[in-house]
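The values are calculated or read from the model by the stated rules, or taken from the named source; none is laboratory data. It should be emphasised that the depicted structure is a prediction, and the values quoted were computed from it without experimental measurement. Heads up, the Cβs are rebuilt from the backbone with ideal geometry, glycines too, and the neighbour counts pull from every protein chain shown.
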């Protein structure tokens, strides 16, 4: 049996195809589907790997890794083992104590992300937040820095912790200072920028996750 780079086993025969489909669906006893995206995302980030680097190490495609981390696809057993090997763990350790995961987080859980290299710091506050209904980030803008995004589905909320930022939504722009917040539906192009002389820090929340 071989496996293509999309993590689906290539086998022959109707019975074998059925078995491969079960594996590709991540079925366990009772038909439960493997929901592994959050844990794989967290492991990858802890090693400082991009999705492309993990895909290369596990002989899969970047697109498959992306879908896997968002739980849009489930891996076959063979592809999961390959991914875990690339992340220096095994399947027993990976599934151990999943029901005991924390729901309170601190500095040790924060991930400094390179999603927006144009700002001084972009920190994801909740491990695996990309697989939740919302994702909070702590963003530091030095003078002259900005983040611009095209329109997309969802909503954006922010609370200014330090300094002030210019919030642009479509053709409109307003200033939010320390202790103020902003909210908008993300159906228009939008931007956070710091045209001011001092740095600014913003708690920024996207729902669903778009960071």
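See the values below:
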{"item": "Residues located in region 154-163, provided they are over 14 Å from residue 205 (Cα atoms) and surrounded by fewer than 19 Cβ atoms within 10 Å (Cβ to Cβ)", "result": "162"}
{"item": "Which listed residue is touching a strand residue (DSSP E or B) at 6+ places or on another chain (Cβ under 6 Å), crowded, with 18+ Cβ neighbours inside 10 Å and without any contact (Cβ under 8 Å) to a residue 60 or more places away in the chain, from 186, 137", "result": "186"}
{"item": "Positions within region 121-136 being under 18 Å from residue 103 (Cβ atoms) and part of a strand (DSSP E or B), in sequence order", "result": "124, 135, 136"}
{"item": "Region 132-146, subset out of contact with any helix residue (DSSP H, G or I) (no Cβ under 6 Å at 6 or more places or on another chain) and either outside the structural domain of residue 119 (by TED's automatic domain parsing) or at pLDDT below 90 (or both), residue nearest to residue 202 (Cα to Cα)", "result": "134"}
{"item": "Segments classed as helices (runs of 4 or more DSSP H), wholly inside region 48-92, with at least 2 members that are within 22 Å of residue 111 (Cα to Cα), in contact with a helix residue (DSSP H, G or I) (Cβ under 7 Å, 6 or more places away or on another chain) and touching a residue at least 60 places away in the same chain (Cβ under 8 Å)", "result": "62-69"}
